[in-house]
1. Being surrounded by 10 or more Cβ atoms within 10 Å (Cβ to Cβ) and not small (Gly, Ala, Ser) is the filter here; which residues of segment 40-57 pass it?
Amino acid sequence: MLNEKKLHQMIEMQKTEQKLKKQKGASLIEYALILAAVVGIGTVYFGDSGSITSAINTKLDAVSTKISGTGT
């Protein structure tokens, strides 16, 4: 009876460990997808022709023009 109880506990522990391993794998995949989305969004806004990059370049050109005195 005691051995049967221990065996049942060991089986339950193994099942729990397997569930945890599956959850860790799923979490890793979710983090990878989030990272890919952040990189994609960053590329759109900060890439060579991104809207934020264009706005920054426009402002820097205006400041540069005012500093050099060639602007109004």
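1. Ile41, Thr43, Val44, Tyr45, Phe46, Ile52, Thr53, Ile56, Asn57
Condition check ((1) among the basic types (Lys, Arg); (2) out of contact with any helix residue (DSSP H, G or I) (no Cβ under 7 Å at 6 or more places or on another chain); (3) farther than 30 Å from Ser51 by Cβ) across all residues:
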site	(1), (2), (3)
Lys5	yes, yes, yes
Glu12	no, yes, yes
Lys15	yes, yes, yes
Ile29	no, yes, yes
Ile34	no, yes, no
Val38	no, yes, no
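Each value in this text was obtained by applying a stated rule to the coordinates, not by laboratory testing. Bear in mind the structure is a predicted one, so any value in this text is a computation, not a measurement. Neighbour counts are summed over all protein chains in view; Cβ atoms, including those assigned to glycine, are modelled from backbone coordinates with ideal geometry.
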